[in-house]
Structure formats: structure tokens, C-alpha cells
1. Just order 188-198, 443-453 by mean Cβ neighbour count inside 10 Å, highest at the front, would you?
2. From the square roots a ≥ b ≥ c of the eigenvalues of the alpha-carbon gyration tensor of the chain, which class results: rounded (a/c under 1.5), prolate (a/b over b/c), or oblate?
3. Suppose each label sits 7 Å from its Cα in the direction of the beta carbon; what would the residue 126-residue 413 distance come out to in nanometres?
4. Can you put 145, 185 in order of Cβ neighbours within 10 angstrom, beginning with the fewest?
5. Mind ranking 417-423, 87-93 by how tightly packed they are, going by the mean number of other C-beta atoms within 10 angstrom, highest first?
6. Using the number of other C-beta atoms within 10 angstrom as an exposure proxy, rank 234, 212 with the fewest first.
7. Quick one: which of 319-332, 274-287 comes out on top by average Cβ neighbours within 10 Å, and what's the full order, highest first?
8. Which whole DSSP H helices in the chain pass both tests: a Cα extent of 27 Å or more along the axis and a mean Kyte-Doolittle value no lower than -0.5?
Amino acid sequence: MTGGVETIPGARPRYSPSVRVSFVFVVIAVACLFPADLSVTTLDPWSEIRRMLLGVLTPDFFAVEAIGTAILQTIAFALLGVALAAVTGFVLAQFFHLRAVRAACAVVRAIHELFWALIFLQVLGLSPLTGVLAIAIPYAGICAKVYAETLEEAPAAALNVLPAGVSTVSSFFYVRLPDAWVHIKNYTFYRFECGLRSSAVLGFVGLPTLGYYLETAFGEGNYSEAAALLIIFYVLIATLRFWMRPKLLGIYLLAAPFLLEGASDIRFDNIRRFLTEDIVPAPLRGADLLDVQTWVALQDWLQMLLTDQALPGIVATVVLTQIALVATAFLALAFFPLISMQFFGRFGRTIGHVFLVVARSTPEFILVYVFLQLWGPSMLPAIVALALHNGAIIGHLLGRYSDEIRLRPDSAAGLNRYAFEIVPRLYGQFLAFLFYRWEIIMRETAILGVLGIATLGFYIDSAIADIRLDRVMLLIVVTALLNLAIDALSRGIRARLRLSTRVESCQG
């Protein structure tokens with residue numbers, strides 16, 4: 001599928017469906033700019049920028065005494081969470097054709113891991129199990145979907161020549177799985193990289209990962225310490241393929257539980273109270289369910305929450321998401337030539353790779369936190385952070401795809417090659433990547449409310465602060481439904497445009 005203009009001699013140019021859909025999304029994003037809050041509220045952002053730049057130039061690697069422990073715990077949370085998710089997701093993938101399984105996976109992956117962490121904090125406290133489950137549950141839903149799609153798209157030629165009477169189990173392990181195994185292995189490796197980012201972000205809710213020390217450093221204005229922590233994190237991601245070897249995986253998994261400090265003391269009284277009291281809507285607690293006034297009070301409670309919190313949160317989340325989505329598209333198209341052999345030599349591509357590794361390795365949550373220090377709590381830091389991170393991810397993938405394009409010896413160079421040769425031939429894949437990231441951008445947008453931006457996460461965080469867990473659960477359900485709607489719309493658009501669905505590495 002390519003983008004561009006379809007021309008017929010003697011007729012007006014007709015734009016392809018891909019271009020028309022792109023134009024619609026750009027128009028929607030421009031319309032969203034009017035209600036968006038893009039203000040800069042800090043008094044002297046340039047002074048803060050100078051201090052941050054000075055910190056980048058003078059990183060202090062000895063400021064955090066427990067840096068080694070923080071690194072190991074960041075890895076341990078990610079490793080255990082992703083391992084549990086991969087095993088669970090692989091099992092669920094075998095039943096993904098069942099509507100109930102698909103629905104359950106869609107719901108759990110629609111809720112951001114930071115929201116899961118906030119939920120488990122109310123039951124398990126700051127225990128290792130909180131961090132592991134916060135990563136494992138949404139990742140299991142994601143892995144189940146990707147594994148199932150990978151198995152479905154495996155070549156059917158070998159299955160067609162199997163003799164009659166071969167069992168389903170044998171055909172799966174000897175035919176279907178070997179064809180899909182490389183894709184599953186590569187995706188699981190990528191999911192571990194995502195797990196490292198999620199593990200770091202969990203530090204912002206108090207778990208002892210790199211994010212915990214990073215938040216402390218930024219909060220105290222110690223930018224040299226913050227720069228050192230970020231550099232360590234980038235090195236951790238960049239060297240992943242050197243130290244995460246399949247032969248060492250068993251040793252890592254055995255050691256990981258012993259690296260997590262604190263005991264996971266599961267108190268069933270807390271779980272019982274959480275399920276039977278805390279998340280029950282306030283008007284129903286201890287009320288007479290046969291009394292009409294009880295249901296009138298519940299209706300008033302729901303109307304208040306939906307009108308005063310859910311609806312404003314949905315509007316802000318959608319507005320921010322749509323602007324960030326289109327900004328991501330423009331940045332991705334600008335970034336991919338940086339690492340493409342079609343445009344740069346080895347030295348130029350190396351610089352491009354370093355830039356994209358930094359941009360895509362830094363979690364959106366951390367990027368937003370940094371930009372908030374510069375510009376204040378508006379949508380502007382979130383838009384820039386989301387576009388930069390997701391644009392780098394898609395740009396990296398497009399750059400890899402562009403290397404596979406074979407050009408004629410007399411093809412144009414420079415800007416003409418970009419505009420008339422490469423982009424038209426990549427455009428369908430570009431849209432596939434972009435629409436895959438749409439749901440991810442929505443999930444991230446919702447959670448950014450925890451940092452003070454008025455998306456759904458803002459109201460969820462406020463309800464947690466007030467210990468109103470019934471409101472928390474309702475707002476999280478609203479967030480999940482919103483993500484499910486975006487996912488369904490994205491799948492519908494991809495199907496209509498016949499875009500490739502094998503983009504596993506774009507599931508962030």
C-alpha cells in the first residue's frame with residue numbers, strides 16, 4: 001500500500017485513500033489546537049533550560065549511593081514482569097479466538113501499568129509484587145494479542161501438506177510454532193526493553209527503581225545527578241543485546257526475585273476490604289438495596305462523576321492524543337532519514353541512531369516530567385514528549401524498512417528521492433505503524449494526568465489522594481473503554497486501507 005496521487009490522463013488528480021485519511025487526521029488535530037491548553041506558565045524557562053544543560057554537561061555519577069541497587073532492581077522488575085506476561089500471553093494466545101479471551105486481554109492492556117501500580121498499592125503496598133504485577137498484567141494482554149496475530153499470519157503452506165490424522169498439538173509444535181518462533185522471540189525481547197522503561201517509571205510511585213531517584217533529583221534541582229541517571233538508563237537500553245543473552249536468561253530469572261527488596265506480605269483482609277468495600281460505589285455501602293432512594297443516590301453519584309470529572313477528562317485526553325498523534329507523524333517522517341542508508345553514510349547514521357535511541361528509550365512519562373519543569377503544567381510538555389518519543393520509535397522502524405527499498409541507478413537524490421521515491425513507497429507501512437501507536441499514545445495521555453495535566457489520570461490521581469477508590473475504579477473503567485474505542489477505530493481504519501498488521505515491534 002503506498003500513498004500519493006492517482007492520475008488519469010485528462011482527469012483531475014485523485015488522492016489515494018491513505019492520503020485522504022491523513023488529511024482528515026491533520027484537520028482534526030488543527031481543530032483540537034483551539035481548545036488545547038498550550039500555555040507556558042513558568043516565569044523564566046530559559047534559566048531552567050540553562051541549568052538543565054549545565055547538568056547534562058556535568059553529570060554526577062557518584063551522587064546516588066545506591067545506584068547499583070537501583071539498576072539491578074529496575075532490571076529485576078522488568079525481567080520478572082515480562083517473563084510472567086510472556087508465559088501468560090502465550091497461553092492466552094492459544095485461546096485468542098474466543099471472544100471472552102479477546103475482550104479480557106483488550107481490557108487489561110487498555111489500562112496503563114502505572115494505573116495498575118496505583119491499584120495494587122492500595123492492596124499490597126510498596127511491595128515487589130506490586131511492581132511485578134503492574135507490568136505483567138497489561139503486558140500479558142499485549143503479548144497475547146501479538147502472539148496470536150503472529151501465529152495466525154504464519155505461512156500456511158506447511159500446514160496444507162500435512163498428512164491426514166495429524167493432531168492439533170503436533171501440528172502446532174512442529175509446524176506453526178517454528179514458523180512464528182523468530183517473530184515471537186524478537187517481540188518478547190522488544191517487550192523486555194519496554195519493560196525496562198515501565199520499570200523505571202514505576203519509581204515515580206515509590207518503587208526503588210531508577211525513576212524514584214530521578215524524580216528526587218529533579219525535585220531537588222540536582223540536574224547533574226538527574227543527567228547521570230538518564231545516561232545510565234540510556235546505556236542500559238543501548239547495551240541490552242550484549243548482556244541479555246538467551247543462555248543467561250535462566251540465571252537472570254533465578255536471581256531476579258532475590259534482588260527485589262522488601263517482602264510481599266499478602267493480607268487477604270486488605271484484598272477482601274478492597275473488593276467488597278473500597279471499590280463499591282459510596283451510595284451502595286451498607287445501604288438497603290431495596291430502597292428506591294439508594295438507587296437515586298447512586299444515579300446522582302454517577303451523574304456527578306461523569307459530568308464533573310469523566311467528561312472533561314475524556315475531552316482533554318482526546319484533544320491531547322489527536323494533536324500528539326499528528327505531531328508524531330510529522331516527526332517520524334522527519335526522523336527516519338537520519339538512520340537510512342538512502343540518505344546518510346555510516347557517520348551520519350551513527351549520530352542519527354544515537355539521537356533516536358535517546359528519544360525512544362526515554363519513557364514519555366519522564367520526558368513530560370522534564371518538560372514540565374521548563375514550561376509548567378499545560379498540554380504543551382505532553383504533546384512535545386509524546387511526539388518526540390513515538391516519532392523516534394516510528395522513525396526507527398521506517399528507517400529500517402527504507403534500507404530494504406531498491407532504487408534504480410538513475411534515481412533522484414536528496415529531497416527528490418525523499419519526496420518522490422522513498423516516502424510514497426513507505427507511506428502505507430508508515431500509517432500502519434502510526435495507527436498501531438494511536439492506542440499507545442492514548443494510554444500514555446491518560447496517565448500523564450498524574451503529573452498535573454488535566455487528562456483522565458488527573459482525576460484518578462485526585463481520587464486516590466482523597467482515598468475514594470470507588471471513584472478511582474469508575475474513572476479507570478472509563479479510561480479503558482476509551483482506549484478500547486480507539487483500538488477498534490484503529491483496526492477498522494487499518495482494515496479499510498489494507499495496511500499490514502505485522503508490526504509487532506510497534507506495540508509499545
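We did not get these values from a lab; they are worked out from the coordinates using the rules stated. All values reported here derive from a predicted model rather than from experimental measurement. Neighbour counts are summed over all protein chains in view; Cβ atoms, including those assigned to glycine, are modelled from backbone coordinates with ideal geometry.
1. Working: 188-198: 22.1, 443-453: 25.7.
Result, highest mean first: 443-453, 188-198.
2. Taking the square roots of the gyration eigenvalues as a ≥ b ≥ c, the chain is rounded.
3. Distance between the two pseudo-spin positions: 5.9 nm.
4. On the way: 145 21, 185 12.
Ordered by Cβ neighbours within 10 Å, fewest first: 185, 145.
5. Values: 417-423: 16.7, 87-93: 19.4.
Ranking the peptides 417-423, 87-93 by packing returns 87-93, 417-423.
6. Details: 234 15, 212 21.
The order, fewest Cβ neighbours first, is 234, 212.
7. Working: 319-332: 23.5, 274-287: 14.2.
The packing order, highest mean first, is 319-332, 274-287.
8. Numbers: long enough: 67-93 (38 Å, 2.09); 128-152 (35 Å, 1.04); 177-201 (35 Å, -0.09); 311-335 (35 Å, 2.14); 379-402 (33 Å, 1.10); 423-447 (35 Å, 0.51); 469-497 (42 Å, 1.21).
Passing helices, by number: 67-93, 128-152, 177-201, 311-335, 379-402, 423-447, 469-497.
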